[in-house]
Amino acid sequence: MSSALVNRVTILQLRVDAGEWLAWAERAGIRPEIRSFVSTIPDALMRPVPADPVPFSTPRARALLSRALDLAQRSGLLTNENRRALAFGRLSPEDVVVFCALAEDAIGALHPLDDYLRRPELLPKGDSAR
């Protein structure tokens with residue numbers, strides 16, 4: 001770092017704490033399907049910033065998505081297509097695909113892989129299963 005910046009920059013080391021975020025999200029009224037996604041894939045809370053200016057997943061983006069989904073639902077406009085459009089406009093594509101599959105099939109939290117191998121009936125039956 002240049003000497004001109006030494007007294008003008010603060011560098012913060014942050015740690016991701018999914019449990020803390022989930023507790024906050026519940027208190028803040030974040031939608032259950034978003035909380036379920038984060039509890040299933042906690043690493044999704046801290047995605048790297050993409051090089052291109054595109055939407056990417058952050059805790060704030062998840063809160064904004066929750067609010068947008070609430071507004072769409074109150075207006076009677078929450079369809080699978082609208083959920084996807086709202087999610088793709090706010091989150092990283094790799095998160096949107098899994099989030100929408102979980103939400104649209106009402107899967108809830110994912111089970112360990114062994115559970116699906118022993119009990120195939122746990123696998124989703126909808127379009128996301130393809």
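Readers should treat all values here as calculations from the given coordinates under stated rules, not as data from a laboratory. Just so we're clear, the structure is a prediction, and the values are computed from it rather than from any experiment. Glycine also receives a Cβ, built like all others from the backbone with ideal geometry; neighbour counts cover every protein chain displayed.
Quick one: net charge of residue 39's neighbours, Cβ under 14 Å, K/R +1, D/E -1? With Lys, Arg at +1 and Asp, Glu at -1, the neighbours total -3.
At a Förster distance of 30 Å, what's the computed FRET efficiency of residue 28 paired with residue 2, Cβ-Cβ distance as r, to 0.05? Here the calculated transfer efficiency is 0.15. Counting neighbouring Cβ atoms within 10 Å and putting the fewest first, the residues 41, 11 line up as 11, 41. Helices in the chain, meaning DSSP H runs of at least 4 residues, each add -39500 (n - 2.57). Divided by all residues, the mean residue ellipticity at 222 nm is -15000 deg cm²/dmol. From the Cα gyration tensor of the chain, with a ≥ b ≥ c the square roots of its eigenvalues, which class applies: rounded if a/c is under 1.5, or else prolate if a/b is larger than b/c, or else oblate? Prolate. Evaluated with a Cβ-only charge set (Lys, Arg +1; Asp, Glu -1), the chain carries a dipole of roughly 400 debye about its Cα centre, given to the nearest 20.
Cβ-Cβ distance of residue 82 and residue 121, R₀ of 30 Å, FRET efficiency by 1/(1 + (r/R0)^6): the value works out to about 0.50. For the listed peptides 29-40, 53-64, 68-79, a ranking on the average number of other beta carbons within 10 Å per residue, highest first, reads 29-40, 53-64, 68-79.
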